[in-house]
Amino acid sequence: MKKKLVKTKCTVKLRKSDYRKEWYLILESYPVFENGKTKRVIEALNRTITTPIWDKSRTARTTEASTSYKPKRDANGIIQCKSEADTMACIYADEVRKLRQHEYDNADLFTDIEAEQSELNQKMKCDFIEYFNQVNTKAHAKSSQSIIVNWKRVGVLLGIFREGNPWPFSEINPKTIESFRQFMITAPQGGNKSGTVSINTASTYFSIFKAALKMAFVDGYLMTDIAAATKGITSEERRREHLTLEELNTLAETPCDQPTMKRAALFSALTGLRHCDIQKLTWGEIQKEGSGYRLNFTQQKTKGVEYMPISEQALQLCGKPGKPKQLVFPDLPDPSWISKPLKRWIEAAGITRHITFHCFRHTYATLQLAGGTDIYTVSKMLGHTNVKTTQVYAKVVDEKKEKTTKVITIDNLKTEEENQ
């Protein structure tokens, strides 16, 4: 639907002097919009006339004592007078009217544009680092702890990069972004750790930075989507450490001073669940379906709703059923406290490789693919939003297949040509 235009109209009018037989030329503008209100603006033109010609067919005001008429105007709307001097004064008044009318017309056309530009100018003065931290607080309030921690760390690194100074949106450009990209590649590690971050961590942090730039563009702080044209930091493909089936069986037989952790780790190997999802798993999320059981839960990392069938062994590891809101693994240590008891258990089983809790998830994916489960099913079971993420495990399986070609060899093998 077309927007209705309410235009200000400027008109030259006459006002009778109280003392002499003369009339003041005035400019009346209506309606004039100011601060949300409508008003009438009267402007004195400092000109008077004494010989206006009255239009007897157009009554202006009638009282018991007298009747007044409106001034006669020509085809251009200029008040007509008998004397040449008064005519020139009316022509001058009309030129002022044209000027004012042009100003009001332009104001109607450009007020919205000027307001938007003014708002953008104010936003360009805002601090990107402050905006970044606000986004983390508001947008990721219910995100996983790992996401929140990563965003907070990037916020700290932004402050280090700017040496404690603000980073106005007006100073965000390809040159400053490239400077931050180079800084991120050799950024210091957080906490009590020394040295610089790994290239993969730098890649993750810079992706978060780009995500914030994208949000700033959507929120109107940036005029262009500069994040789309910004080159990221290429990550290195990491080896996904996993356990063999024999090692998994050995761990199941090895005593552990943290029984809940042991059950949870083996449960991860049988289901592929992350530590964060196992830690918050409740009995109400384990549902009976037909003759078996399935998990009905929301992934903490992706917020995706998952329906996952589980084996009898996985259900057995959960222990004695509790109330719907009770945790299945109530004493499972947080990620920051689980590494030492996990290491003791791994070493007690005679495994010398560096195995973390997340490696049990890798074990599930690798053993499933090696056992013949198709990659799309494994991807769905892991809760991956993109099958490309699952393909990393498929490469591990392919390496093992290639090694099998060297297992069987025939001694003294000769071709028919060699026999001839």
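The values are calculated or read from the model by the stated rules, or taken from the named source; none is laboratory data. The structure displayed is predicted, hence computed values, not measured ones. Cβ sites come from the backbone with ideal geometry, for glycine too, and all protein chains shown count toward neighbours. Just the protein is used for accessible areas: all its heavy atoms, side chains included, with ligands, DNA and RNA removed. Shrake-Rupley method; radii C 1.70, N 1.55, O 1.52, S 1.80 Å.
For the residues Arg58, Arg20, the requirement of being open to solvent by 40 Å² or more (accessible area, probe 1.4 Å), touching a Phe, Trp or Tyr at 6+ places or on another chain (Cβ under 7 Å) and not aliphatic (A, V, I, L, M) singles out Arg58. Going by the conditions given, is Arg47 part of a strand (DSSP E or B), within 21 Å of Lys98 (Cα to Cα), at pLDDT 90 or above and touching a helix residue (DSSP H, G or I) at 6+ places or on another chain (Cβ under 6 Å)? So Arg47 passes the test. If you go through region 126-172 and keep only what is of a type in the set (Gly, Ala, Ser), under 24 Å from Gln279 (Cα atoms) and open to solvent by less than 50 Å² (accessible area, probe 1.4 Å), you end up with Ser143, Ser144.
Within region 109-142, the set of residues being in a helix (DSSP H, G or I), modelled with pLDDT of 90 or more and either small (Gly, Ala, Ser) or more than 13 Å from the chain's Cα centre (by Cα) (or both) comprises Phe128, Ile129, Glu130. Of all residues in region 196-209, at least one satisfies being open to solvent by 30 Å² or more (accessible area, probe 1.4 Å), of a type outside the set (Gly, Ala, Ser) and more than 12 Å from Val154 (Cα to Cα). The single condition among (1) farther than 25 Å from Asn249 by Cα; (2) out of contact with any Asp or Glu (no Cβ under 7 Å at 6 or more places or on another chain); (3) at pLDDT below 85; (4) surrounded by 13 or more Cβ atoms within 10 Å (Cβ to Cβ) that Gly304 does not satisfy is (4).
Rundown of residues vs (1) touching a helix residue (DSSP H, G or I) at 6+ places or on another chain (Cβ under 9 Å); (2) under 26 Å from Ser336 (Cα atoms); (3) of a type in the set (Phe, Trp, Tyr), yes/no style:
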| site | (1), (2), (3) |
| --- | --- |
| Lys123 | yes, no, no |
| Phe128 | yes, no, yes |
| His140 | yes, yes, no |
| Gly155 | yes, yes, no |
| Gly159 | yes, yes, no |
| Ile177 | yes, no, no |
| Thr186 | yes, yes, no |
| Asn200 | no, yes, no |
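Taken over region 174-195, residues that are touching a residue at least 12 places away in the same chain (Cβ under 8 Å), assigned to a helix (DSSP H, G or I) and surrounded by 13 or more Cβ atoms within 10 Å (Cβ to Cβ) amount to 6. When the helices (runs of 4 or more DSSP H) confined to region 335-397 are screened for residues that are surrounded by fewer than 14 Cβ atoms within 10 Å (Cβ to Cβ) and either modelled with pLDDT under 90 or not aliphatic (A, V, I, L, M) (or both), those reaching at least 3 such residues are found at 335-348. Quick check on region 57-66. Is at least one of its residues under 60 Å from the mean Cα position of the chain (by Cα) and part of a strand (DSSP E or B)? No, region 57-66 contains no residue that is under 60 Å from the mean Cα position of the chain (by Cα) and part of a strand (DSSP E or B).
Residue pairs whose Cβ atoms lie under 8 Å apart, separated by 6 or more positions or on different chains, with the first residue in region 30-53 and touching a residue at least 40 places away in the same chain (Cβ under 8 Å) and farther than 28 Å from Ala85 by Cα and the second among the hydrophobic types (A, V, I, L, M, F, W, C) and in a strand (DSSP E or B), are Val32/Val41.
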